[in-house]
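Reviewing the structure listed below.
FYI, it's all coordinate maths here, none of it is from the lab. This one's a predicted model, so the numbers in the text were calculated from it and none came from an experiment. Neighbour counts are summed over all protein chains in view; Cβ atoms, including those assigned to glycine, are modelled from backbone coordinates with ideal geometry.
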Amino acid sequence: MSSTDGSASPTLMSKPQKEEAITSPGATEKAEPETEPTPFSSTFQEAIFILIIGLSQLFSVGGIGNAAYSIEQIGASLGTSSNGQMSWFLASYALCGGVFVLVTGRLGDHLGHKYVFLFGWIWMAIWSLVCGFAHNVVLFDIARGMMGIGNGALVPNSFALLARAFPPLSVKKNIAFAFLGFCAPSGYIFGGLIGAAFSQKVTWRWGFWFWAIGCLILSLATFVIVPHRIGSPIPGLSLRQFDYIGSFLGVSALILFSFAWNQASVVGWKEPYTYALLIVSVFLLVGFVFSQSRVSAPVLPNSLWGRPGFAPVVTAMAFGWMSFGIFLYYTTVYILTIHKTQPLAAVAQMVPLVIGGLFATAAVGLFIAKTPAQYIFGVSMFSFFIGNLIMSFVNYSNVYWAFIFPACLLVVGGPDLSFASSGILISNAVLPEEQGVAGSFISTVVQYSISIGLGIAATVESHVNEGGQNPIRGYRGAFWLGIGFAAVGFFVVIFFVRDHRFESKEWDKSGPEAISQTAGL
């Protein structure tokens, strides 16, 4: 809220200091919120806008599912059966998507979020075509990494576009972020369905060609539907101010750190280059942090860490999504390898992710405006926890309904609730000019955590599966690691995350109605 002298207090949400004049708890009068005309010409345009932004998340996570369910067919076609090589079919996409999010979100501030978002669709389409035409492992891995860059351009700018399109704490904003969260687990199923169907019935190559066609269609829809007003560059920024040094240091550090962990699961830490790269990545990361206090427009401003609740939310998101990445990958692998299920049938077995997602999305829309977000955030961490816990006992029964079905049904509360609640907390905590940066970093945390979590889980699996003779024990070790990650995230939320909307005197005296009215809900 604003102080009585008009200066912005550090507890400001995203736009109140420019769009609303709300008095501090100690003031005697409450100013009326200023109204701002909608950037949309019609309700239809507004609905299609939310749909396009949500589909970007569907395609983002779907890019993992598209390869996950057809990984054996892709490997056979490209002449490899090595698990180490095939794991890069997923890791290269997630790695490049995660690290370039940090840069593309900031580019959105400079060039306009709409236009970097549009670039993401076109770039992903181009490299999806290349994936379909690849005839060797090296080219396919490179093309998958390039696809990840397109994904990295979509995710942070979708966050920023939603944050800028609707006023803080508005019902539409809550619904939009809830829908965005719902599309994450649904995207994995959607991508898996495309990849499995084409690989099983025609050829895996058509899965990527279909992906390219979809991206091109959505790029056209983005150009027509998304208003320039909410996708325009942040005033006062130019490419001369862009943090080139910080971008290089940050991207290099994250790539080397993730590469070391993922490669260690293949060759082991006994190889000198794995731990050498890890050490180099740490030094680069220190240099990145130091550089952010020396430039006018840093990729990740140090001021973000001073916003109330930012650091705990980021920490919880990291552990929660590491847990979720482990669940998705190892549940899929278990169904395909232990149960010997065909790709399409494997996708069908994980459809409860969508069913549970519908209920989780509805719950967010109903409760986020009236319930402190830390409670919803805590439930999301518990969902990650319970999903991995159930799957850790899956070998006790081959019956699908005994463990896999309830695990998929319950774990989906994690991504849906965490994405919506953390997104609202973050977007309402940072300043307007920090929206793109905050969105970039949260998206980096989400995607990069999946990559890091899988790298650590693969290392654990390789050390407990008795040299590959006991794969079930290896999978269980990975699930227990996911349990530990989710538990850490849960305790971070319990002790450190607070929703400051409900700590004002207006809430104490008048309840949620006063807060909703003050926030413009």
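By other beta-carbon atoms within 10 Å, ranking Trp209, Trp88, Trp401, Trp204 with the fewest at the front produces Trp401, Trp209, Trp88, Trp204. Cβ crowding within 10 Å ranks Asp416, Asp109 as Asp109, Asp416, fewest other Cβ atoms first. By the count of neighbouring beta-carbon atoms within 10 Å, fewest first, Cys96, Cys183 end up ordered Cys96, Cys183.
In whole Å, what is the distance between the alpha-carbon centres of region 389-404 and region 208-240? Spelled out, the Cα-based centre of one part sits 43 Å from the other.
Each listed q (0.14 Å⁻¹) maps to a log10 I(q)/I(0) for region 243-296 from the Debye sum over equal C-alpha point scatterers, namely -0.38.
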